[in-house]
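In what follows, a single structure is set out as structure tokens and then discussed.
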Amino acid sequence: MSEIKFLSIRFRAFAQATEIEERVLAAMKFASGTEEVNVTATTGHFGNPITVFETELLKAGQIKNFLGRLAEAHIPENLIGQEEERVDEECAFHFRLDKQKAYLEELALASGRDVIDVRLKVGVYPARREAAVAAIKEWLAD
């Protein structure tokens, strides 16, 4: 993989009332590689309880470890050609991991709606979307 600077990696998952929160927490811990997960209770549009799980990797070692795990799971190669639609105006690269597979301790891209959202903040200067897309293309192609 090409050297790329990611400033942070954020993870977010939701647990609906029908889900077992401990399993979602376990999936988040596995996916992110950290034990530090913030858990927030909220309610949906119709008053249904929803639990939000969030964490963020900021340390270089944590980020490097996560990127290595992505490479081992062959996830970057499956994102080639999708850089334009996955990079936002804030220079963040987005993809979703399968929450059920993460609970089973496997990293895999999600194909359904039961996901862990992953947001990688790309460190490019000046911070322009085009520069972030180019950096992601180079990283994925390597």
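Here, each number is a calculation from the coordinates, and none is a lab measurement. Quick caveat, the model's predicted, so the values are computed rather than measured. In this analysis, Cβ positions are derived from the backbone assuming ideal geometry, glycine residues included, and neighbour counts consider all displayed protein chains.
Quick note on the chain: its Rg to Rh ratio, both from C-alpha atoms and Rh being the Kirkwood radius, is 0.98. Of A132, A108, A17, the residue with the greatest mean-square motion in the GNM of the chain, using alpha carbon springs below 10 Å, is A17. Within the listed set H94, H74, H45, the residue fluctuating most in the Gaussian network model of the chain (springs between alpha-carbon atoms under 10 angstrom) is H45. Taking trypsin sites (Lys or Arg not before Pro) across region 86-142, the ones in a DSSP loop with at most 15 further Cβ atoms lying within 10 angstrom of their Cβ are R113, R128. Under a point-charge model restricted to the Cβ atoms of Lys and Arg (+1) and Asp and Glu (-1), what is the dipole moment magnitude of the chain relative to its Cα centre, in debye to the nearest 20? Dipole of the chain, to the nearest 20 debye: 180 debye.
The helix-only estimate of mean residue ellipticity at 222 nm for the chain, built from DSSP H runs of length n ≥ 4 each weighted as -39500 (n - 2.57), is -10000 deg cm²/dmol after division by the residue total. Can you tell me which of I63, I116, I80 moves the most in a GNM of the chain? Springs connect C-alpha atoms under 10 Å apart. Its mean-square fluctuation being the largest, the pick is I80.
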